[in-house]
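Here is the structure we will look at.
The values are calculated or read from the model by the stated rules, or taken from the named source; none is laboratory data. Values in this document were obtained by computation on a predicted structure and should not be read as measured data. FYI the Cβ positions are ideal-geometry reconstructions off the backbone, even for glycines, and counts take in every protein chain you see. Keep in mind that these areas ignore ligands, DNA and RNA; they rest on the heavy atoms of the full protein, side chains included. Shrake-Rupley method; radii C 1.70, N 1.55, O 1.52, S 1.80 Å.
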Amino acid sequence: MTFGEQPAYLRVAGDLRKKITDGLLPPHTRLPSQARIRQEYGVSDTVALEARKVLMAEGLVEGRSGSGTYVRERPVPRRIARSGFRPDGGATPFRQEQADGEARGTWESRSEQAEASGSVAERLGIKPGDRVMCTRYVFRDGGEAMMLSTSWEPLDVTGRTPVMLPEEGPLGGMGVVERMAAIDVVVDNVTEEVGARPGLADELLALGGVPGHVVLDIQRTFYASGRAVETADVVVPADRYRVAYHLPVK
């Protein structure tokens, strides 16, 4: 293979991908069989199989038991708007994660005390094993799961206060900024790091995805005078949503 030349299976996958994106192989169309790919492109069974695996890993096709491999219907991505913390009142967890003022949604949550893992402790600036409140959320829009979030708050900040449980008490269901303000902790900064990775099996099950689908992984941390008071992992299905940031210019 000369320098810069693609392996045969990637060239075959690229040509089939173009046919899918150009509409020559529309959704629900059966992908050419392995034998057909072998004959049409003059490649081996191994190359044909690997090309099909690439398209399946990219989420462009799906296997149907006893029937073959078919082109998947590609959803039109919707927007998730984010703009960091909002000091004005009324920022529910859904509004905190989806900053579009027109968006309406629901969420489910479960909180429990836990020990901070090494990575969570590093993000919060505490020691591994320190106690944190861990809250897991499923956010829905029109009944469809659109986003997952797992947050951690150090109990040396919120422990034995009315806001120790994010979804209970007088400020249950409000956002981090409002809850922290109630215990005289003023959130003044938030950071987010965005990456992409294959979704974990339990994440894809909750989000209605299939194995191999890619998710956006947003690591968010709220700070008060330089101290981390909450950190969270937000997971969004990349084939259905785009993340849009609204950043104020000072």
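Scan the stretch 122-166 residue by residue and report those that are within 22 Å of the chain's Cα centre (by Cα) and part of a loop (DSSP other than H, G, I, E, B). Explain how you work it out, then say what you get.
Just the residues of the stretch 122-166 that are within 22 Å of the chain's Cα centre (by Cα), to begin with: 122-124, 133-153, 166.
GLY142, GLY143, PRO166 - these are the residues of the stretch 122-166 that are within 22 Å of the chain's Cα centre (by Cα) and part of a loop (DSSP other than H, G, I, E, B).
Working carefully through the options GLU50, GLU40, find the one that is under 15 Å from GLY212 (Cβ atoms), at pLDDT 90 or above and open to solvent by 60 Å² or more (accessible area, probe 1.4 Å). Step through it out loud before you land on a result.
Values: GLU40 fails: under 15 Å from GLY212 (Cβ atoms).
One residue alone meets the criteria, GLU50.
For the subset of the stretch 1-28 comprising residues that are of a type in the set (Val, Ile, Thr) and open to solvent by 40 Å² or more (accessible area, probe 1.4 Å), which member is farthest from the chain's Cα centre (by Cα)?
Taking the stretch 1-28 as the starting set, the residues that turn out to be of a type in the set (Val, Ile, Thr) are 2, 12, 20-21.
If we keep only those that are open to solvent by 40 Å² or more (accessible area, probe 1.4 Å) as well, we get 2, 21.
Numbers: THR2: 38, THR21: 24 Å.
So the residue we want is THR2.
Residue under question is GLY118, and the condition is that it be free of Cβ contacts under 8 Å to residues at least 24 places away in the same chain and closer than 22 Å to ILE218 by Cβ; does it hold?
Numbers: free of Cβ contacts under 8 Å to residues at least 24 places away in the same chain: yes; closer than 22 Å to ILE218 by Cβ: yes.
Yes; evaluated as a whole, the condition is true for this residue.
Each row is one residue, and each column tells you yes or no for (1) open to solvent by 10 Å² or more (accessible area, probe 1.4 Å); (2) of a type in the set (Gly, Ala, Ser).
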{"site": "SER117", "(1), (2)": "yes, yes"}
{"site": "GLU122", "(1), (2)": "yes, no"}
{"site": "ILE126", "(1), (2)": "yes, no"}
{"site": "VAL132", "(1), (2)": "no, no"}
{"site": "GLY143", "(1), (2)": "yes, yes"}
{"site": "MET147", "(1), (2)": "no, no"}
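Any chance the stretch 195-207 includes a residue that's in a strand (DSSP E or B) and closer than 23 Å to SER111 by Cα?
So the first thing to find is which residues in the stretch 195-207 are in a strand (DSSP E or B), and the list is 195-198.
Okay, now just the ones that are also closer than 23 Å to SER111 by Cα, so none.
Within the stretch 195-207 (the criterion being in a strand (DSSP E or B) and closer than 23 Å to SER111 by Cα), the answer is no, since none of the residues qualifies.
Just one of ALA201, ALA224 is touching a residue at least 40 places away in the same chain (Cβ under 8 Å) and either farther than 23 Å from ALA145 by Cα or under 16 Å from the mean Cα position of the chain (by Cα) (or both); which is it?
Only one candidate qualifies: ALA224.
Taking the options VAL215, VAL229, VAL190, VAL194, name whichever one is open to solvent by 60 Å² or more (accessible area, probe 1.4 Å) and of a type in the set (A, V, I, L, M, F, W, C). Before the answer, list the steps.
On the way: VAL215 fails: open to solvent by 60 Å² or more (accessible area, probe 1.4 Å); VAL229 fails: open to solvent by 60 Å² or more (accessible area, probe 1.4 Å); VAL190 fails: open to solvent by 60 Å² or more (accessible area, probe 1.4 Å).
The unique qualifying residue is VAL194.
Among the residues that make up the stretch 154-170, is at least one of them among the hydroxyl-bearing types (Ser, Thr, Tyr), buried (at least 18 other Cβ atoms within 10 Å of the Cβ) and either in contact (Cβ under 8 Å) with a residue 24 or more places away in the chain or closer than 23 Å to ALA116 by Cα (or both)?
In the first step, residues of the stretch 154-170 are kept if they are among the hydroxyl-bearing types (Ser, Thr, Tyr); the result is 158, 161.
Remaining after also requiring buried (at least 18 other Cβ atoms within 10 Å of the Cβ): 158.
When the remaining residues are screened for being either in contact (Cβ under 8 Å) with a residue 24 or more places away in the chain or closer than 23 Å to ALA116 by Cα (or both), the result is 158.
Yes, that holds for at least one residue.
Can you find, within the stretch 171-186, the residue that is surrounded by the most Cβ atoms within 10 Å (Cβ to Cβ) among those that are free of Cβ contacts under 8 Å to residues at least 24 places away in the same chain and under 25 Å from the mean Cα position of the chain (by Cα)?
Residues of the stretch 171-186 that are free of Cβ contacts under 8 Å to residues at least 24 places away in the same chain, as a first pass: 171-172, 179, 181-182, 184.
Retained after the next criterion (residues that are under 25 Å from the mean Cα position of the chain (by Cα)): 172, 179.
Details: GLY172: 13, ARG179: 27.
Among those residues, the one meeting the criterion is ARG179.
Give me the residue from the stretch 181-194 that is aliphatic (A, V, I, L, M) and assigned to a strand (DSSP E or B) and, out of that set, nearest to PRO166 (Cα to Cα).
The selected residue is VAL190.
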